[in-house]
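Quick notes on the structure that follows.
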Amino acid sequence: MAGSPRSGTTLLSAVLYQPPAIVTFMEPWDGMRYQPAELFRSLRQEIATGTLRSGKLDVPQLMQTGRVKWWAEGETPVDIDVASDCLVGVKWPAFWQYLDLLPSTKFLITFRHPFETISSYKKKGGALLDGLDYDIAFNRGINTELLAATGDESLRRILLYERINQELLRSVDRDNVVTVRYERWFEDPDGLLEEIGEFLGRALSMDHVAIRRPSAPWDLTVREVELIREHCSSAATLGYDLDVPVSLP
């Protein structure tokens, strides 16, 4: 599960956490240390113990309240019982960089309207506020490119979004890739879940997740809106309307 930061990868990971058929791991730190084959092997070994320690998804909170929350990895072990043919999924936004290297691995890649995504970069703060991807070695190349492109943080946030989405668009027609638009969780959740289920070969439900559309206004200035309209050519390809009225704070 991969895509731009703040594009819905966390929600997707929570929806697909459906043992015994599927177990998902949200940003396990081993994903930054191991090659993919070794990573999945280690996660399956962990599953076989009957206890999960990897990943940052607050599983008890999800199961009890339907809320999608983070917690510290390894903080509270989770007992689990899985099927012999259980699927294992890993959510790391930056794993889009593996798309050309793993042609037989199934990818679910996420997209979200640029106004919402780039606004969310600002609200999240940290590296994303600076217009950079998360500060891990995996992202060093793209961050170097962005820093060389401009010293304008507002523009850099937009270039970050566009750089990742243009890479994703190169892969959307591949047989091992399915796209997940964030907006469809609120507009057509059953249809989206059916498409994902067909792709994964599993019957899926979403009864365990309480999905709520964000209600806060976009945190964008007039200048940022114009910059998005100027630089986000991927929006037209994805069918996102950049001429919609923008509710500014």
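The values are calculated or read from the model by the stated rules, or taken from the named source; none is laboratory data. Computed from a predicted structure; not experimentally measured. Backbone-built Cβ (ideal geometry, glycine too); neighbour counts: all protein chains shown.
See the values below:
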item: Which listed residue is under 17 Å from the mean Cα position of the chain (by Cα) and free of Cβ contacts under 8 Å to residues at least 40 places away in the same chain, from D130, D175, D188, D135; result: D135
item: Output for region 194-249, where each listed residue is among the charged types (D, E, K, R), more than 23 Å from T179 (Cβ to Cβ) and free of Cβ contacts under 8 Å to residues at least 60 places away in the same chain; result: D207, E226, E230
item: Counted residues, region 19-41 - those being among the small types (G, A, S), surrounded by fewer than 19 Cβ atoms within 10 Å (Cβ to Cβ) and within 25 Å of L204 (Cβ to Cβ); result: 1
item: Residue in region 84-91 that is of a type outside the set (F, W, Y), at pLDDT below 95 and either surrounded by 15 or more Cβ atoms within 10 Å (Cβ to Cβ) or on the phi < 0 side of the Ramachandran plot (or both) present; result: yes
item: Filter result (of a type in the set (V, I, T) and either closer than 18 Å to I118 by Cα or in contact (Cβ under 8 Å) with a residue 60 or more places away in the chain (or both)) within region 138-172; result: I142, T150, I158, I164, V172
